[in-house]
Amino acid sequence: MNIKKLVSERMKGLVREFLHPVPKRLRRNQIKIDNFSLNAIKKSIEVNYHAGWKSKNAYLKEMYEKDLKAHLYERLEIGRKRIVPWLDNAKGLENSSILEIGCGTGSSTVALAEQGAKVIGIDIDEGALQVAKDRCKIYGLEVELMMLNATNISNTFLDAKFDSIIFFACIEHMTIEERLTALKSAWDILRTGGLLVIIETPNRLWYFDDHTSQLPFFHWLPNELAFKYSRFSARENFRELYRQYDATSKKHFLRRGRGVSFHELDIAIKPASDLRVVSSLSTFEGVRYRLGRSKLERRFKSILRSIYPGIHEGFFDSNLDLIIEKD
């Protein structure tokens, strides 16, 4: 690596540290693994997660490598640098009982559990769960992981009362009925004073869908029209999949991700204006968050807030990242 590149990488590192400072007490708990262990996780992802319609040959090489990197270490770093400090600031993670809905391949699970949280992780993707199990074992963390639809949590955890229930980048992958049932059930099994957390969930009110289709106004379209319009997406392993609209293809399409807004919370729990929103990621990071937003994004959020005042500003970010306390 030449001097110019070294300086560039160092500058990027300093910017990241400024935008996402991690308290020393949290950094000390972050578990380091060697390259042999990292390669074992990589192998698990390749075998268990990148299968079926997500298999390697379904992607362009560049896109596959990008997805692999995300699951291998980038999501863990995001969890450590942004999500964990935010959550720990609202309620200390050490010894906290957490139900993580949508644990996926376990990156966020590790970020939570290495801080001393007692985590139960659930997901409906068997391959992703196997990666999560392998990852937690490699990191030496005792985490309970199970394949379970979030609509069944009230029956499964009938006698449990969690300190926090986290929907981690998963509500958008549920059908409307699943969303309403899961949110209501989570609220019911959350202890009084406990936290309902929604993370990395694309906002259906936002003008651009950078989660699923990479198209403007896609969140605003009704499902059948969005299904048919998906052919105009630039995203590989997406635009070519949805042609015949039937029960099977519709469900697969919905599982890819559709926007969520405060309306689901209004129906499943109570009006958003009555919810005690402790924090959003945008309010927690403040100016650091706004520095990462374009002028258009800031203006659009301001317009949304002016149209519907009276609820927390976090409901008008491009992603829903919210901590809500049960009273």
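The values are calculated or read from the model by the stated rules, or taken from the named source; none is laboratory data. From a predicted model like this one, the values you see are computed outputs, not experimental measurements. For neighbour counting, all protein chains shown are included, and Cβ atoms are generated from backbone atoms with ideal geometry for every residue, glycine included.
Observations
Rundown of residues vs (1) touching a Ser or Thr at 6+ places or on another chain (Cβ under 6 Å); (2) closer than 19 Å to Thr201 by Cβ; (3) buried (at least 19 other Cβ atoms within 10 Å of the Cβ); (4) modelled with pLDDT under 95, yes/no style:
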| residue | (1), (2), (3), (4) |
| --- | --- |
| Ala113 | no, no, yes, no |
| Lys118 | yes, no, no, no |
| Gln130 | no, no, yes, no |
| Arg135 | no, no, yes, no |
| Asp163 | yes, no, yes, no |
| Glu172 | yes, yes, yes, no |
| Lys184 | no, yes, no, no |
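- Single unsatisfied condition, Asn152 versus (1) in a helix (DSSP H, G or I); (2) under 27 Å from Ser230 (Cα atoms); (3) without any contact (Cβ under 8 Å) to a residue 60 or more places away in the chain: (2)
- Whichever residue in the range 225-251 is touching a residue at least 24 places away in the same chain (Cβ under 8 Å) and assigned to a helix (DSSP H, G or I) and, among such residues, is surrounded by the most Cβ atoms within 10 Å (Cβ to Cβ): Ala226
- Selection of the range 44-88 for residues being within 23 Å of Phe167 (Cα to Cα) and touching a Lys or Arg at 6+ places or on another chain (Cβ under 6 Å) yields His50, Leu72.
- Check on Ser282, assigned to a helix (DSSP H, G or I), modelled with pLDDT of 95 or more and under 24 Å from Ile166 (Cβ atoms): yes
- The helices (runs of 4 or more DSSP H) located wholly in the range 20-83 that include 2 or more residues which are within 22 Å of the chain's Cα centre (by Cα), touching a residue at least 24 places away in the same chain (Cβ under 8 Å) and closer than 25 Å to Glu126 by Cα occupy 35-44, 61-69, 75-78.
- Against the conditions (1) assigned to a strand (DSSP E or B); (2) of a type outside the set (D, E, K, R); (3) on the phi > 0 side of the Ramachandran plot, Gly116 satisfies every one except (1).
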